[in-house]
Amino acid sequence: MTKRRKLLFAGWLVFNFLIILSIVLYETGYTIEGYLPAHGEKALRYSPVIYTSPHDKPERVLYTFERGGGVTYYVVWRGENPGKPVIDKLYEYIRWLFYGSGVDIESITVYPENRTVTFETYSHERVWARFDGLSCSYDSVSVNGCVKNGTHVRIYVATWNHEFSLLPQNGTVRADIRIKPMSPAEYARYAIFRRMNESIRDAVYRALVIAAALTLLVNMTAYYMLFMRGRQRDKTERGIK
């Protein structure tokens, strides 16, 4: 095979890999629409304004487009801080096991066509709110002044694990955060597919069950290998004598 054919063959393999990867990512919820100029402008136009503690600012905001027309903004923190060192370390360890990263990522989805925003608030309850040029409303709650320039919803971090609220929170300041489209590498790196389909609480329960089952299995096996076989060997030796 000539050098030119080898290069063409290698290029063909790379092309096939990228096509297959794109299909797999799309099926799990990722699209590259955020990189299209018009979509990028829409994402910036409707990006939420985040208010958080000055000592706990996010590192970045990554956005993707949902198939239903929404723009999802993933707010990325270095991690979560429950405030108790032992619990903090254990929680971070479990996040590393499940997501491959200790970072905390919370999502906010905006639907520009019907001017709706959704996110998780206290106790992981989901809020669906409508917004206009001045106010936001959901259930029986109405919040005046929660929209900047008619399109940017003001959202406040309300808890240590970065759940959101439309109601202003004491001690929060506006966080100037870099916003950019989420790349396929970031989508895979942050395990976004897992984060969308299973909460960290479910992950902890699942990890605890698996850990308990494995602990029982390992110890029963070790007990059998060290004691039961030893006792059997002793009986055999006494029988021989």
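Numbers at a glance
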| quantity | calculated |
| --- | --- |
| Test: residue in the stretch 39-46 that is among the hydrophobic types (A, V, I, L, M, F, W, C), modelled with pLDDT of 80 or more and assigned to a helix (DSSP H, G or I) | yes |
| Failed item, numbered, when Arg126 is tested on (1) more than 22 Å from Lys42 (Cβ to Cβ); (2) crowded, with 17+ Cβ neighbours inside 10 Å; (3) within 23 Å of the chain's Cα centre (by Cα) | (2) |
| Hits in the stretch 146-168 - residues which are of a type in the set (Val, Ile, Thr) and surrounded by 17 or more Cβ atoms within 10 Å (Cβ to Cβ) | Val147, Thr151, Val153, Ile155, Val157 |
| Residues located in the stretch 108-136, provided they are part of a strand (DSSP E or B) and aromatic (Phe, Trp, Tyr) | Tyr111, Phe119, Trp128, Phe131 |
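The values are calculated or read from the model by the stated rules, or taken from the named source; none is laboratory data. Because the structure is a prediction, the values reported are computed rather than measured. Don't worry about glycine lacking a Cβ; one is built from the backbone with ideal geometry, like all the others, and counts go over all protein chains shown.
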